[in-house]
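To start, the structure itself, in structure tokens.
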Amino acid sequence: MNLFELTKHLMYIPSTSGEEEAVGFWLRDHLDSLGWTVELQPVSENQNNIIAYLNDAPRVWFSTHMDTVPPFIPPTEDGEKIYGRGACDAKGIIAAQITAAERLRGEGIKDIGLLYTVEEERASTGAKAANEHPLASKCEYMINGEPTDNDLAIGSKGSFRLMIKTSGKAAHSAYPEEGDSAIETLLDILDDIRHTHFPHDDFFGETTVNIGTIEGGLALNIIPPRAEAGLLIRLTTKREPIEQALESVVRGRGEIEVLSCSEPVRLHPVDGFTYKVVRFTTDIPHMPSWGKPLLLGPGSILVAHTKDEFVMKKDLETAVELYVSLAKRLLATEHTECTEDTEQ
Ligand SMILES: [Zn+2]
């Protein structure tokens, strides 16, 4: 099956986070038919990571995720592009990695593994489970795939998800002096956050804040007793200074509830590739056992998660070349114990 057919085959199978079982079974059968040893690693009752290899303990692995964001958009194509959900995030990447691995195998190189996770678009539970897999400690380099426009990412920002919750006192809206509006308190806090300059980092860039959700109140004629906002902060520093800055902005007017946090990660550079720092986060922070991380993939993060998601066919082909040459470069390095000096 060629690169584009493989991409479309994967895209035809819906796999919104939580519903990756069918695409996982298809990948298992496909890799099995090509002669790979394939394991299903259970993550939840109906979610499995796919782990495939050609020898006992590969030094270099390709990885990305099988899940997509909703809604399912079946693939379509023209001469230049493949459109639809997962085109670049990340089924085109799976197809490019498998094609690259098969090409390496054709040249007699078997020191290669493939890891495809579930749940990357939500809580990275697939990556966390994969981190416990016994083959992780034998891996020296993990080439993770996300849409980087085929540049080699040398850093990725972290992500800090949290809620700010305020409470007040309900009262009849005609007698506001009897109540205390949780919504007004929340708006004051959010306004202060919008005017706060959070610490940034010369390497990783600006720390940015998205106020993504806001909820509260009961009815138009009731002073609102409760309100909350959900924030996603793209971290360029460790979590601590940002959390301290937030606490000093909130100043006890509300409660901060942390949902999840992954700190920014430095990735392994390789000479001769075009470098960039990406603003999104990946499964990588949850898989420190898998050796030195690298990140590269075809397509643009700017179209991922949109209804217009696509990947250029020539970018898929270029990605195959880049994956082949990256793997060869990494395999040509001395055998190293390499996990200790990975800067997180
Ligand atoms: Zn992705």
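Data table
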item: Sorted by Cβ neighbour density within 10 Å, fewest at the top, the residues Phe25, Phe4; result: Phe25, Phe4
item: Label point at His305 placed 7 Å out along Cα→Cβ; residues across region 220-243 whose backbone nitrogen lies under 19 Å; result: 229-237
item: Residues Glu178, Glu140, sorted so that the one with the fewest Cβ neighbours within 10 Å comes first; result: Glu178, Glu140
item: Unsatisfied cross-links (Cα-Cα over 26 Å) in the set Lys91/Lys307; Lys165/Lys238; Lys128/Lys313; Lys91/Lys238; Lys292/Lys313; Lys238/Lys328; result: Lys128/Lys313; Lys91/Lys238; Lys292/Lys313; Lys238/Lys328
item: Whole-angstrom gap from region 185-201 to region 1-50, using each part's C-alpha centre; result: 43 Å
item: Estimated FRET transfer efficiency when R0 is 22 angstrom, pair Arg194-Arg251 (beta carbons, to 0.05); result: 0.90
item: Using a Förster distance of 41 Å, the FRET efficiency for Leu34-Glu240 (Cβ separation, nearest 0.05); result: 0.30
item: Beta bridge orientation in the chain: antiparallel %, DSSP, nearest 5; result: 70 percent
item: Ellipsoid semi-axes in whole angstrom, largest first, where each is sqrt(5λ) of the Cα gyration tensor of region 126-284; result: 41, 17, 12
item: Thr274-Glu206 FRET efficiency (beta carbon distance; Förster radius 22 Å; 0.05 resolution); result: 0.55
item: Exposure proxy order (Cβ contacts within 10 Å, fewest to most) of Val311, Val43, Val60; result: Val43, Val60, Val311
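Values quoted throughout were computed directly from the atomic coordinates according to the rules given, and no laboratory measurement underlies them. Remember, it's a predicted structure, so these values are computed and weren't measured experimentally. Positions of Cβ are generated from backbone atoms using ideal geometry, with glycine treated the same way; all protein chains shown enter the neighbour counts.
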